[in-house]
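Note sheet for the following structure.
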Amino acid sequence: MSQIHDARYRLEREHRQKIAEERVRNTTSSFIDRYQNELASLQEQGLVEFVQVRYDGCLSELMQIRAELDSNPFNARERSKSLGNEIYSLRNMARQIKQQVEEAQYQNYLKELEARAEVEKQREVAISVAWTQELRNWTDKLSLNLMLKEIKALEQQVFSEKSVKKEGDLLAKLHKLKLQGLEKAAEHRVLVERLSQSSTNRDFANAIAEVVSTSLPTDQAQVISEQFDTIFSDNPEDAIAQLQKIEQLSDQADKQIEDEAIRKETVKAIFNTLKTTGFAVQKPKLVINKEGKSEVVIAASRPAGNRAQFEIRLDGSCTYKFENYKGQTCKKDIEQVLPKLSEIYGVDLSDSRVLWSNPDDEDAEMKPIPSQTMNSKG
């Protein structure tokens with residue numbers, strides 16, 4: 001018995017091991033593909049030359065991981081984790097170095113240009129000054145760098161081949177190059193924006209969530225925050241779909257904030273009205289009712305033991321009750337409180353429906369409990 005049992009156990013364990021290996025293999029393969037795409041993207045954007053050594057190292061490591069995936073998926077996964085941050089850091093590093101290189105090229109180019117202008121100032125002072133001034137006034141450095149090859153070709157014509165004789169001709173040619181550069185720069189910025197849209201979406205969502213957290217009760221704000229997290233986890237690569245869902249959720253949050261603001265004003269109005277009509281009013285409490293919805297409860301009482309309670313919900317509905325009254329004195333308090341809400345604070349309790357009342361005086365108690373829809377006047 002023990003031998004058979006031991007043999008079955010080993011088979012089950014081996015089967016589980018194969019399943020685990022296949023799962024790790026599939027997951028790691030997915031990450032390898034992402035890393036491959038990231039490296040390809042760097043190549044397409046011409047950024048590789050600025051981080052060539054680290055790029056080559058990442059590419060070599062990636063090929064080794066892919067080769068090891070079949071034979072040792074668990075080790076391949078660990079190597080993949082270590083490589084991920086290295087690959088994703090290449091883009092920012094390459095861009096910074098590229099910017100530094102291009103800025104250095106531009107500064108060196110201006111210095112060379114100014115030196116040449118000094119040597120040739122007797123023949124073409126006006127053209128040299130115009131050329132330098134136009135380049136200095138070219139404030140969009142991205143478009144300038146994109147047109148640097150064409151600018152140097154024009155420089156060759158102006159100062160070596162001497163094909164441009166008038167300042168006006170030079171300015172016209174530079175203006176044409178500037179228009180081309182601005183067009184290229186606009187296209188490039190669109191590409192950069194698309195690549196960074198997901199990060200922008202996250203910033204947008206965080207800004208909305210911050211407003212929501214200060215405008216809504218904690219439980220409601222938490223629900224909206226979790227919905228934002230779901231947007232990014234459902235399809236993290238579809239930035240356009242993310243933005244659409246963020247905007248939809250933002251509209252929903254605005255509606256909730258508006259409803260909450262109206263409820264706060266209503267709570268304040270009821271609290272003040274009860275207080276001015278002689279009730280001792282407790283501090284309003286935010287509770288979750290049996291239906292799982294939030295409502296603010298305002299409880300008040302008179303020295304004689306008469307009690308009033310209002311329950312204000314986010315959808316604009318309210319239940320109020322006056323109890324522990326003798327005879328028709330309950331009606332007197334209701335007719336004193338409700339008109340003040342309407343006249344002074346603009347709170348209109350409409351669509352009244354009495355849920356329960358005791359018109360008799362036998363137990364010295366009367367309990368009308370209307371269910372109301374609350375509206376702000378104006």
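Bridgeable lysines around Lys283 (alpha carbons under 22 Å apart, same-chain partners fewer than 8 residues away excluded): Lys264, Lys268, Lys275, Lys293, Lys321, Lys340. The ellipsoid that matches the Cα gyration tensor of the stretch 133-270 has semi-axes, each √(5λ) in whole angstrom, of 55, 17, 9, with the longest given first. Residue order by solvent-accessible surface for Phe310, Phe271, Phe204 is Phe204, Phe271, Phe310, largest first, with ligands and nucleic acids left out and a 1.4 Å probe.
Taking all protein chains together and rolling a 1.4 Å probe, Asp254 ends up with roughly 90 Å² accessible. Counting only protein heavy atoms and using a 1.4 Å probe, the accessible area of Glu150 comes to about 60 Å². Computed over protein heavy atoms with a 1.4 Å probe, the accessible surface of the stretch 43-200 works out to 61 Å² per residue.
What FRET efficiency, computed as 1/(1 + (r/R0)^6) with R0 = 22 Å and r the Cβ-Cβ distance, is obtained for Asn206 and Met93, rounded to the nearest 0.05? Intermediate values should be presented prior to the final figure.
Values: r = 25 Å, r/R0 = 1.15.
It comes to 0.30.
Using the Cβ-Cβ distance between Gln282 and Gln336 with R0 set to 25 Å, the FRET efficiency works out to roughly 0.85. Label sites at Glu21 and Lys255, each approximated as a point 7 angstrom past Cα along Cα to Cβ, lie 5.4 nm apart.
Would you work out the Kirkwood radius for the stretch 51-116? I mean one over the mean of 1/r across all pairs of different Cα atoms, in Å. Present the calculation step by step, with values, prior to reporting the outcome.
Values: mean 1/r = 0.0696 Å⁻¹.
When all Cα pairs of the stretch 51-116 are included, the Kirkwood radius is 14.4 Å.
Subtract the Cα-Cα distance of Asn37 and Lys166 from 0.36 nm times their separation in residues, and report this length gain in nm to one decimal.
Values: separation 129, 0.36 × 129 = 46.44 nm, distance 5.04 nm.
Result for the pair: 41.4 nm of gain on full extension.
Label-to-label distance for Ser30 and Asp219 is 3.5 nm, based on points extended 7 Å past Cα in the beta-carbon direction. Measuring only protein heavy atoms, the 1.4 Å probe finds Arg25 accessible over about 40 Å².
The values are calculated or read from the model by the stated rules, or taken from the named source; none is laboratory data. Everything numeric in this text was worked out from a predicted model, so none of it was measured. Reconstructed Cβ throughout: ideal geometry from the backbone, glycine too, with neighbour counts over all protein chains shown. Protein only, heavy atoms only, side chains kept; ligands, DNA and RNA dropped before computing areas. Shrake-Rupley method; radii C 1.70, N 1.55, O 1.52, S 1.80 Å.
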